[in-house]
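Report on the following structure.
The values are calculated or read from the model by the stated rules, or taken from the named source; none is laboratory data. If you're wondering where the values come from, they're calculated on a predicted model, not measured in any experiment. Quick reminder, even Gly has a Cβ in these numbers, built from the backbone with ideal geometry, and neighbours come from all protein chains shown. To get the accessible areas, we keep the full protein, side chains included, count just its heavy atoms, and leave off ligands, DNA and RNA. Shrake-Rupley method; radii C 1.70, N 1.55, O 1.52, S 1.80 Å.
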Amino acid sequence: MVVVVGLLGIALVVATLTGRPPRAPEPGPAPPPKALPTAGQRGVYPRFAPDNVFGVDVAGQPVDPKSRAMIANLLAQITPHYGGIAALNTQEYNPVLHVVDATTPRVTVRFEDCQDKGYTPEGLFDGPKYFVDVPVPADAQVAKGTDSTITLWSPSTDQLWEFWVMKAQGQGGWSACWGGRIDHVSANRGYFPKPYGVSASGLVTVGSMITLEEARARRIDHAMGLALIAPARWDRWRFPAQRSDGTDPAPDAIPQGARLRLDPSVDVSALGLTPLGEAIARAAQKYGFIVVDTAAAVAVMAESGLPDKTRTGRDPWSAILGDVPTYEQLRGFPWARMQVLSAPDKSP
């Protein structure tokens, strides 16, 4: 027996029984148009292409033949530092996301040559003009720490900017040492055109961050960004990374772009992790981590609460983390049970 659902289906059944032509169902009210996020709105995040690199389910992917040696290299970067606990970056050196719109002031970001290049690189003020006509909110916040990064997302124009060493210059002016822009974010797989962007790998920082909304819900449905103290040397990187700033020449060093998965056989509920730590572990089994950058500590990237704190005077992470400080959130995380996955045959 086939069950027909809906007004049109019922009309067709009646027509079959009575011989009368079906009457078209009365049109219902049109759904209201979906409002675009406005400047300063929180809890909304960029959406990349359906085949973006962060949404890949890696639960069934093969393990790299050198995985054990590379995980030993990872543990050597975690164990001697900060009590052997990897960091959860919620307060500094993490992405700060601002949603912008047509009301956001547009500025030209001045190039600050903090790396002593001795010249102004191409593309910043010519060609794509990545530093020109940039929407920067009047109350914009940059990440704490020397990286001073910022992400600006414009849903109405489907564009995203990220800047590194971004500094306010007074009277609405800004400068930056590096950065880039992505046009057509909704069709982008999650990385900047080479050599632009903020992360050393070229991956969009907000694509792999743990968002405030995900942390509240204790559910993360994408790969998470992982920074290492010593990734493999700059000339060894893996897709989806587009480049690297790694320095370790050891054959067992983990390249930027490598995907790390928590062994799917691990019983996460038996680990005694914090609620957020457990959510991270479950996401690590399905989506894994992607090595995205170099840092002073092995660290998992989470969204900054600075824009919320500026508006409300309260750090949103305080309510999420509870009595466990951020530096203790990943205590007991089973890094020894991580697996480095095989590199793709070629970059898609």
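Considered as a group, the residues in the range 98-154 that are open to solvent by less than 60 Å² (accessible area, probe 1.4 Å) and among the small types (Gly, Ala, Ser) include one that is farthest from Lys309 (Cα to Cα), and that residue is Gly123. Scanning the range 196-243 for residues that are free of Cβ contacts under 8 Å to residues at least 60 places away in the same chain and in contact with a Phe, Trp or Tyr (Cβ under 9 Å, 6 or more places away or on another chain) yields Gly197, Val198, Gly202, Ala241, Gln242, Arg243.
Does the range 147-156 contain any residue that is touching a residue at least 24 places away in the same chain (Cβ under 8 Å), in contact with a helix residue (DSSP H, G or I) (Cβ under 7 Å, 6 or more places away or on another chain) and part of a loop (DSSP other than H, G, I, E, B)? Yes: one or more hits. In this structure, is Gly332 in contact with a Leu (Cβ under 6 Å, 6 or more places away or on another chain) and in a loop (DSSP other than H, G, I, E, B)? Yes; evaluated as a whole, the condition is true for this residue. For the range 263-278, taking the residues that are open to solvent by 10 Å² or more (accessible area, probe 1.4 Å), part of a helix (DSSP H, G or I) and in contact (Cβ under 8 Å) with a residue 24 or more places away in the chain, the one that is nearest to Arg238 (Cα to Cα) is identified as Glu278.
Pairs are defined by a Cβ separation below 9 Å, a sequence spacing of at least 6 or placement on different chains, a first member in the range 308-329 that is free of Cβ contacts under 8 Å to residues at least 40 places away in the same chain and open to solvent by 50 Å² or more (accessible area, probe 1.4 Å), and a second member that is charged (D, E, K, R) and assigned to a loop (DSSP other than H, G, I, E, B); the pairs so defined are Lys309/Asp315.
A single entry from Val198, Val165 fulfils the requirement of being under 17 Å from Pro95 (Cα atoms), touching a Cys at 6+ places or on another chain (Cβ under 9 Å) and either acidic (Asp, Glu) or open to solvent by 10 Å² or more (accessible area, probe 1.4 Å) (or both): Val165.
For the condition open to solvent by 50 Å² or more (accessible area, probe 1.4 Å), within 30 Å of Lys194 (Cα to Cα), out of contact with any Pro (no Cβ under 6 Å at 6 or more places or on another chain) and modelled with pLDDT of 95 or more, what is the one hit in Ala296, Ala284? Outline the logic, then answer.
Working: Ala284 fails: open to solvent by 50 Å² or more (accessible area, probe 1.4 Å).
Exactly one residue qualifies, and that residue is Ala296.
For the range 243-262, which positions are open to solvent by 30 Å² or more (accessible area, probe 1.4 Å) and assigned to a loop (DSSP other than H, G, I, E, B)? Once the filter is applied, which keeps residues that are open to solvent by 30 Å² or more (accessible area, probe 1.4 Å) and assigned to a loop (DSSP other than H, G, I, E, B), the range 243-262 yields Arg243, Asp245, Thr247, Pro249, Ala250, Pro251, Asp252. Annotation: of all residues in the range 114-140 being under 23 Å from Trp153 (Cα atoms) and either basic (Lys, Arg) or outside any loop (DSSP other than H, G, I, E, B) (or both), the one that is farthest from the chain's Cα centre (by Cα) is Lys129.
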